[in-house]
1. For the stretch 132-148, state whether one or more residues are at pLDDT below 75, farther than 19 Å from W76 by Cβ, surrounded by 14 or more Cβ atoms within 10 Å (Cβ to Cβ) and touching a His at 6+ places or on another chain (Cβ under 9 Å).
2. Find the residue count for the stretch 181-192, including only residues that are open to solvent by 10 Å² or more (accessible area, probe 1.4 Å) and at pLDDT 85 or above.
3. Quick one: K112 ticks every box in (1) open to solvent by 70 Å² or more (accessible area, probe 1.4 Å); (2) at pLDDT below 65 bar one, so which box is it?
4. What are the residues in the stretch 81-97 that are under 13 Å from E215 (Cβ atoms) and modelled with pLDDT under 90, if any?
5. Against the conditions (1) modelled with pLDDT under 95; (2) open to solvent by less than 30 Å² (accessible area, probe 1.4 Å), where does F333 fall short? Just the number, please.
6. Mind checking which residues of the stretch 308-328 are at pLDDT 85 or above, open to solvent by 50 Å² or more (accessible area, probe 1.4 Å) and in a strand (DSSP E or B)?
7. How many of the residues in the stretch 248-263 are in contact with a Gly (Cβ under 8 Å, 6 or more places away or on another chain) and open to solvent by 30 Å² or more (accessible area, probe 1.4 Å)?
8. Just for the stretch 288-307: of the residues that are open to solvent by 60 Å² or more (accessible area, probe 1.4 Å) and not charged (D, E, K, R), which one is modelled with the highest pLDDT?
Amino acid sequence: MTKLKIASTAKVIGLLGVIMMGTFGCSSEMGNQYSPEQVINNALKEEQTINNYYAEVEMSMIGEAGQVEKILLKEWNSDGKRKVETEKEDGSEYNVAINDGKKLISYQPDLKQAFIVEDEELLALNQVSPKQQAEQILSVIKDSHEISTEGEEEILGRSTYHLKATQKEENGLLGDQEIWVDKENWMVLKSISTTGDFKVEMVYTKLELEADIPEDTFTLDLPDDVQVQDLSDSVSDSEEITLEEAVTKIGKPFHYVKEEAGLTISRIEVVELKGELNRNEVNIDYQKDGLPYFTMTVFKSPEDAGEGTEMMPGEKAVKIRNHEASFMDLDEFRSVSWQEEGLNYNILFIDPNLTIDEINSIVSDMARAGEE
């Protein structure tokens, strides 16, 4: 199995988005003692949110050899508008992202590159509230971990409940967790996530609730020499096609699972990705005995497909059709992906009872579209 490494800044921040900046609504009645289950349940049931705040966060990523990489984060949040700045401890890899409610801009000055999203559906993906983000992590912990109370501690002068969550099954994506939950507003002010030899520590170093944030905080003027990519037009509407047409869209023959042993193809579609990706992806939906079973996606491997081999915590290296593959198992999301003959294959599990061993058996005898 591939050993865990320190992942890239963007990858780790994306993974930890459900952990950091977790905000919960204020509670009007607080007791002095709660069981772990009560702390989690109280946090999840609150409906009010803190609308305005400024925060500074320090995140440390610790690899298997003890190497440490620190990421510093600043966040401004006001009435649905959000600005986030991130950079390494040495000031490198600075990135700023602003969501003003109508448009999202992500700007990397070092690369002179910016991404813009104005599409309502894509923009909605970036408007998940801190409360919703934290709900996701706590919901998973509640079901997948054994939780214990480790007492009460102060962080930034605020009283918190210290909870320890130990995963019930080995090699889970979230690993073992420790969280410090604000007793008054249910924010997660500190967390430690340990998966194998990889550890991520996050702690608030500054927090101003009900902060007075100027409106121009959420504006960004890009220099003239910046390359701007509009992601709003990066994906076209999907189109249903035949298997023969799929070969044409991919540009070469590819492997697919034959219709046998109760398996049938319910739909084949092509999605045209534009912009930087600029490729066609073919999705084949499979049913078994009339019920959704899995979806297989095929596309040409990018030229740099062999680079950036860091594995996310909990990601497992497996063998599929005698090829190195990556298996991801996160609560209800499971998928396996591999490369073969210049093509990328990804299978998304739909049936919750479908196992990786069953998928491996199913794909061991694939047919080849375009050569039949």
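The values are calculated or read from the model by the stated rules, or taken from the named source; none is laboratory data. Since we're looking at a predicted model, the values are computed, not measured. Note that each Cβ is placed from the backbone with ideal geometry, even for glycine, and that neighbours are counted across all protein chains shown. With ligands, DNA and RNA removed, areas are computed over all heavy atoms of the protein, side chains included. Shrake-Rupley method; radii C 1.70, N 1.55, O 1.52, S 1.80 Å.
1. no
2. Residues of the stretch 181-192 open to solvent by 10 Å² or more (accessible area, probe 1.4 Å): 183-184, 190, 192.
Now narrow it down to the ones that are at pLDDT 85 or above: 190, 192.
Residues in the stretch 181-192 being open to solvent by 10 Å² or more (accessible area, probe 1.4 Å) and at pLDDT 85 or above: 2 in total.
3. Failing condition for K112: (2).
4. Applying the first criterion (under 13 Å from E215 (Cβ atoms)) to the stretch 81-97 yields 81, 83.
Answer for the stretch 81-97, where residues must be under 13 Å from E215 (Cβ atoms) and modelled with pLDDT under 90: just K81.
5. Only one criterion in (1) modelled with pLDDT under 95; (2) open to solvent by less than 30 Å² (accessible area, probe 1.4 Å) is unmet by F333, namely (2).
6. Matches in the stretch 308-328: K319, H323, E324.
7. Final tally of qualifying residues: 2.
8. So the first thing to find is which residues in the stretch 288-307 are open to solvent by 60 Å² or more (accessible area, probe 1.4 Å), and the list is 288-289, 291-292, 300, 303-304, 306-307.
Subsequent filtering for residues that are not charged (D, E, K, R) retains 291-292, 306.
Working: L291: 90, P292: 93, G306: 52.
Here the answer is P292.
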